[in-house]
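Shown next, in structure tokens, is the structure this report addresses.
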Amino acid sequence: MAEAKVLTKKDVQKAALTWFVSSHMTYNYQRLQAGAMTSMLGPVFQKLYGDNKEKIIEGCQRQMLYFNTEPRWGAIIPGMVVALEEAYATDPEGGVDGGLITEIKTALMGPLAGIGDTVWAGLMKPIFLSITLAWAMQGMIAGAWAYWLLAFGFDFGITYYMFMRGYKLGADSVDRFLEGGFVKTVTTAIGIVGMFCLGAMIVKYVGISAVLQIEMTTTTLDFGAILNKIVPSFVPLMMTLLAYWMQVKGKKVTTVLLVLFLIGFIGGAIGFLG
Amino acid sequence: MVQALLMALLALLNGIQGPCHWYMFREPVMAGFWVGLIYGDPVQGTIIGATINVSYLGWISAGGANASDLYWAGLLGTFVAIKGGMSLDTAVAFAVPIGLLGNYVHVAYMTLASIWPTRMDVLAAKGDWKGIRTLQFLGGPALVLLLRAVPVFLIALYGGDLIQQFIDFLPTWAMNGLAATGKLLPALGMSMLLKFMYKKELLPFFILGFAIAAYTGLTDLLMFACVGGCLAFILIKLGFGRDAEKGVE
């Protein structure tokens, strides 16, 4: 790989910022994040190739190919691509070429989308929400803004860190980074916190309960109260597990949503649930 | 009129894709705050938005596929709830069909936005990266303006009274049904999270969290996060994740 570094830290920072702001701005079914990739690299090409229009065209066309990953943890890929483009431009015979850049990019985007979505959308964001929503539901506006602060702060922090890291590591090390224990440790740790909180969240947020009462000759049989004595929050747990089970069986979320809607509506209308 | 225009502006900010907009305008709790602010009751708006938000806790858009539209569920859900003077549970139930409707808008957006890369290809062939960047920054938002801001403007302008009439028209049993639905729907958000996080070796933590909350009545999630964090730290130090990995793979 080339020794010469043409790009300054500022150039890379600018690319990271462009990626952060615009990764999804014109998200679409056809090419997803390709436009963001090219936008972010435009100034980089300009600096690397100057007046060599042909090379710029080649670069733009290379980067307009389909690309999609998770924008935060996956920012390591655009960061790495900047490093690769720089290596290719400064030393075209050094082993890095256009085809290789596309290959590496395409090979990494899937795994990183998987890891990124699990850690961010599956774990971090729900944890931020579950804590701050409780405040907001009590009428604290600060709760809503606390969510913004956490989500935006971590989003920016992770994106910037991963982008710069990707640039520094270059292609070989990103592979090693993914295979190493770091990712596994992070997912396990957040998984424990997430599952632990999730159990409590069912009790806190799913407010449904059985309210069926049967009038007997001498007394009233209160099903809800009896159920609550045996296992508190039994109905919320069962409903969550039902919805989970349907999704595991491959039902679409929209279908599950409609089933829950019907159970709730009918159950409420006839006085079983409330 | 001014309020409807503000709603349209909010719908634009709510629909633009990117971290500068996702957390400040899209998340139902924040969308609720802004809608509340426009209609003079930010506290109530925040409460409604947060309540709707719970059903969308496990919301994820992988590769642009949506379950139910988070954008409009929060924005229009809060609007409808405030205009209809609804209870919180009913508001959650109403947010669902709105979210499903919004889904079509999202699909339309993702499909229409697919014309932009084709235009970008033309620019790329000329090496005009500045043009591509401009299109990247403005192409999507232009469609949001058309597909989200304009409809929301019309709904805000003409929808309020209709909603009120509709609510008055509903019989008691239907209101009971909607209220129960509202209390039940957060189970969906929980189940989506469960599907995401589920691993056999993590199941004890789920049961532990549920049992503590259900039997003690303690539900402060900051406390659970702290305890969970310590559990995770200790267990990983003891080698928790590594053994499990060998067992699975």
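The values are calculated or read from the model by the stated rules, or taken from the named source; none is laboratory data. This structure is a prediction, so every number in the text was calculated from the model and none was measured. Cβ sites come from the backbone with ideal geometry, for glycine too, and all protein chains shown count toward neighbours.
Please tell me if B:Gly85 is within 10 Å of another protein chain (Cβ to nearest Cβ) and more than 30 Å from A:Gln61 (Cβ to Cβ). Judged against the criteria, B:Gly85 is not a match. Scanning segment A:208-229 turns up at least one residue that is closer than 22 Å to B:Ala73 by Cβ and not charged (D, E, K, R). When every residue of segment A:57-76 is checked against the conditions, at least one turns out to be within 23 Å of A:Met162 (Cα to Cα), touching a Lys or Arg at 6+ places or on another chain (Cβ under 8 Å) and in contact (Cβ under 8 Å) with a residue 60 or more places away in the chain.
Residues in segment A:190-235 that are within 9 Å of chain B (Cβ to nearest Cβ), out of contact with any Gly (no Cβ under 9 Å at 6 or more places or on another chain) and hydroxyl-bearing (Ser, Thr, Tyr): A:Ser233 alone.
Mind checking whether some residue in segment A:80-92 is of a type in the set (Ser, Thr, Tyr), in a helix (DSSP H, G or I) and over 22 Å from the mean Cα position of the chain (by Cα)? Checked against the condition, which is being of a type in the set (Ser, Thr, Tyr), in a helix (DSSP H, G or I) and over 22 Å from the mean Cα position of the chain (by Cα), segment A:80-92 yields at least one hit. Say whether the condition of being surrounded by fewer than 22 Cβ atoms within 10 Å (Cβ to Cβ), under 30 Å from A:Ala83 (Cβ atoms) and touching a residue at least 40 places away in the same chain (Cβ under 8 Å) is met by at least one residue in segment A:124-138. Yes: segment A:124-138 contains one or more residues that are surrounded by fewer than 22 Cβ atoms within 10 Å (Cβ to Cβ), under 30 Å from A:Ala83 (Cβ atoms) and touching a residue at least 40 places away in the same chain (Cβ under 8 Å).
Out of curiosity, is A:Thr187 more than 7 Å from every other protein chain (Cβ to nearest Cβ), part of a helix (DSSP H, G or I) and within 30 Å of A:Pro111 (Cβ to Cβ)? Taking the combined requirement at face value, the residue satisfies it.
It is to be established whether one or more residues within segment A:14-26 are modelled with pLDDT of 90 or more, of a type in the set (Phe, Trp, Tyr) and crowded, with 21+ Cβ neighbours inside 10 Å. Checked segment A:14-26: at least one residue is modelled with pLDDT of 90 or more, of a type in the set (Phe, Trp, Tyr) and crowded, with 21+ Cβ neighbours inside 10 Å.
Screening A:Leu32 with (1) without any contact (Cβ under 8 Å) to a residue 40 or more places away in the chain; (2) touching a Phe, Trp or Tyr at 6+ places or on another chain (Cβ under 7 Å); (3) on the phi < 0 side of the Ramachandran plot gives one miss only, at (3). Scanning segment A:50-71 for residues that are crowded, with 19+ Cβ neighbours inside 10 Å and under 19 Å from A:Asp11 (Cα atoms) yields A:Ile56, A:Gly59, A:Cys60, A:Gln63. Exactly one residue among A:Gly35, A:Gly99 is more than 10 Å from chain B (Cβ to nearest Cβ) and out of contact with any Asp or Glu (no Cβ under 7 Å at 6 or more places or on another chain), and that residue is A:Gly99. Does B:Ile98 qualify as being modelled with pLDDT under 90, assigned to a helix (DSSP H, G or I), under 20 Å from B:Ala179 (Cβ atoms) and among the hydrophobic types (A, V, I, L, M, F, W, C)? When the stated conditions are applied, B:Ile98 passes them. Summed over segment B:166-206, the residues that are in a helix (DSSP H, G or I) and at the interface with chain A (Cβ under 8 Å from one of its Cβ atoms) give a count of 27.
The listed residues are A:Val193, A:Val248, A:Val211, A:Val253, and the only one of them that is within 17 Å of B:Tyr198 (Cα to Cα) and touching a residue at least 40 places away in the same chain (Cβ under 8 Å) turns out to be A:Val193. Picking from residues in segment B:24-47 that are surrounded by fewer than 24 Cβ atoms within 10 Å (Cβ to Cβ) and in a helix (DSSP H, G or I), the one that is farthest from the other protein chains (Cβ to nearest Cβ) is B:Ile38.
Restricting A:Val203, A:Val193, A:Val231, A:Val259 to residues that are surrounded by 18 or more Cβ atoms within 10 Å (Cβ to Cβ) and over 22 Å from the mean Cα position of the chain (by Cα) narrows the list to A:Val203. Within segment A:207-223, one or more residues are surrounded by fewer than 20 Cβ atoms within 10 Å (Cβ to Cβ) and in a helix (DSSP H, G or I).
Can you tell me how many residues within segment B:212-224 are surrounded by fewer than 19 Cβ atoms within 10 Å (Cβ to Cβ) and either within 7 Å of chain A (Cβ to nearest Cβ) or part of a loop (DSSP other than H, G, I, E, B) (or both)? Residues that pass the stated criteria total 6. Scanning segment A:236-265 for residues that are hydrophobic (A, V, I, L, M, F, W, C), at the interface with another protein chain (Cβ under 7 Å from one of its Cβ atoms) and under 20 Å from A:Gly207 (Cα atoms) yields a total of 9. Got at least one residue in segment B:117-126 being of a type in the set (S, T, N, Q), facing chain A (nearest Cβ under 10 Å) and more than 13 Å from the chain's Cα centre (by Cα)? So far as segment B:117-126 goes, yes, one or more of its residues are of a type in the set (S, T, N, Q), facing chain A (nearest Cβ under 10 Å) and more than 13 Å from the chain's Cα centre (by Cα). Here A:Pro111 meets each of (1) facing chain B (nearest Cβ under 10 Å); (2) in a helix (DSSP H, G or I) with one exception, condition (1). Has segment A:148-162 got at least one residue that is over 27 Å from B:Cys230 (Cα atoms), at pLDDT 85 or above and among the aromatic types (Phe, Trp, Tyr)? Looking for residues that are over 27 Å from B:Cys230 (Cα atoms), at pLDDT 85 or above and among the aromatic types (Phe, Trp, Tyr), one finds at least one in segment A:148-162, hence yes. Looking at A:Gly139, A:Gly143, A:Gly122, A:Gly95, just one residue is within 30 Å of B:Leu208 (Cα to Cα) and not in a helix (DSSP H, G or I), and that residue is A:Gly139. Within segment A:198-231, track down each residue that is of a type outside the set (Gly, Ala, Ser) and within 23 Å of A:Ile127 (Cα to Cα). Across segment A:198-231, the qualifying residues are A:Leu198, A:Met201, A:Ile202, A:Val203, A:Lys204, A:Tyr205, A:Val206, A:Ile208.
Put simply, of B:Ala4, B:Ala50 the only residue that is over 14 Å from the mean Cα position of the chain (by Cα) and either in a helix (DSSP H, G or I) or outside the structural domain of B:Gly85 (by TED's automatic domain parsing) (or both) is B:Ala4.
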